[in-house]
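Read the structure below first, then the notes.
What follows draws every value from the coordinates through simple rules; no lab data is involved. Small disclaimer: the values here were computed from a predicted structure and weren't measured. Cβ atoms come from the backbone with ideal geometry, glycine included; neighbour counts cover every protein chain shown.
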Amino acid sequence: MKKIKCAVFGASGYAGVELARILANHSKFELTDVLVSEHSNDANKMLSELYPKYSGLLDLTLLPGSDASLQSLTQRFEQAGQGLVFLATPHEFSHDIATSLASDKITVLDLSGGFRLQNPSLYQEYYGFEHQHQDLLKDIPYGLPEWNAHSLKGKNLISLPGCYPTASQLAIKPLVLGRLLTDNCVPVINAVSGVSGAGRKANLGTSFCELSLKPYNLFKHRHAPEIAQEVGRKVIFNPHVADFERGIIATITMQVKEDTTIEQINAAFENQYSAQSLVRLKSTVPSIKDVAYTPYCDLYWQLNGTDLIVVSAIDNVLKGAASQAIQCANIICGFDHATGLLPEHIINTQEQH
């Protein structure tokens, strides 16, 4: 079978290089192009020069994303009959370029927030720009694969969730679907991320030598309206950054209806995720080290009266970004969603069951 051509724009960043690594090892996809912004200091360098541990695997030149290079890319992908373009780029850049790359033969998977919010009035407040494609927002599928796989096929532009929203939604949505939360329940999400969530660019505020543990952007983080939009209710979101490299752990407090039993809560999670190979339901409290450098989300919960605490742990760069984008790409192309993320023998065994 002929492999599907893939390009990663923003390949020098943390999510971008993880995308490139997964695609280079993928049995169904072929990584043909890695790009950075036209004036990036990384342009024309080898990706393996920036990340020496990938020497021999990612010996690809980072092309500057000029009009000419993008035109060449789209022509080659169109001629091949199918192609995937992953945008691990700043929000406004993705907003400006995504629709011009997408076509009947090219699917764009956008890891930025350029198309996540359906309410166009929120972009100026949370992203700092006015959205120019307001008529498209409600038709662009949201790529949370465990919930929205049915909406991805046949679309040429997919908007990927943020990392905090991924961890939070996977924990909250089964309870919303099961109608187990009280009508006035406002989930309180206390989430801690490693410093890789701030990106590769040097910043004093996220330097290991300067940082310990601190909350930030209280009541104004751009992921709060995204979570609220997708779970269908107001949330209180308290993000924190800490001095570890990668991973997110979210501890979420909610109120369930009177007489809700632990068996009902167990069933809500099991019904949604028992067939989802990348969500693991745990009997002990998960930690960052359980999920770092993996494509999994680990979930755990405890009930005390009507108070419910759910703990969700993911790798912010993988399940919160790169590996989730690969899940969506697999679904779009008709492959098992874990292809390239789990060993083939594990996927085959799961399919048999």
Relative exposure of Asp104, Asp290, Asp59, judged by other C-beta atoms within 10 Å (fewest first):
Asp104, Asp59, Asp290
Within 10 Å of each residue's Cβ, count the other Cβ atoms and sort Met254, Met46 from fewest upward.
Met46, Met254
Residues of the range 73-103 with the amide nitrogen closer than 15 Å to a label point 7 Å from the Cα of Gln132, along Cα-to-Cβ, please.
91-102
Could you list which residues have their amide H under 5 Å from that of Leu157, counting only those 5 or more apart in sequence or on another chain, with H placed in the peptide plane?
Val108
Identify the chymotrypsin sites (Phe, Trp or Tyr not before Pro) of the range 72-177 meeting these criteria: DSSP loop state and at most 13 other C-beta atoms within 10 Å of the C-beta.
Phe129
Relative contact order of the range 244-332 (C-alpha contacts under 8 Å, at least 6 apart) in percent is 36 percent
How far is helix 67-80 tilted, in degrees, relative to the longest principal axis of the Cα atoms in the chain, given as a value from 0 to 90 rounded to the nearest 10?
80 degrees
For the range 25-160, what is the convex hull (Cα atoms) projected area averaged across all directions, in square nanometres?
9.6 nm²
Sort Ser27, Ser112 by Cβ crowding within 10 Å, fewest neighbours at the top.
Ser27, Ser112
For the range 163-314, percent of DSSP beta bridges that are antiparallel (nearest 5) comes out at 75 percent
With the 8 Å Cα cutoff and a minimum separation of six or more residues, the range 77-170 has a relative contact order in percent of 29 percent
Magnitude of the Cβ-charge dipole of the range 1-109, K/R +1 and D/E -1, about the Cα centre, nearest 20 debye?
520 debye
Using only alpha carbon pairs under 8 Å that are at least six residues apart, calculate the relative contact order of the chain and give it in whole percent.
16 percent
If packing is taken as the average count of other Cβ atoms within 10 Å, what order do 166-172, 335-341 fall into, highest mean first?
166-172, 335-341
Listed residues Ile347, Ile326, Tyr296: farthest to the positive end of the dipole of the range 242-353 (Cβ charges)
Ile326
Taking every pair of Cα atoms in the range 163-314, average 1/r, invert it to obtain the Kirkwood radius, and report Rg/Rh to two decimals.
0.98
Cut-off 12 Å, label point 7 angstrom out along Cα-to-Cβ of Ile262: give me the residues of the range 273-306 whose amide nitrogen falls inside.
283-284, 301-305
Taking the Cα centre of the range 163-314 as origin, work out the dipole magnitude from +1 charges on Lys and Arg Cβ and -1 charges on Asp and Glu Cβ, in debye rounded to 20.
500 debye
Give the Cα extents of the chain along the principal axes, in whole Å, largest first.
62, 50, 43
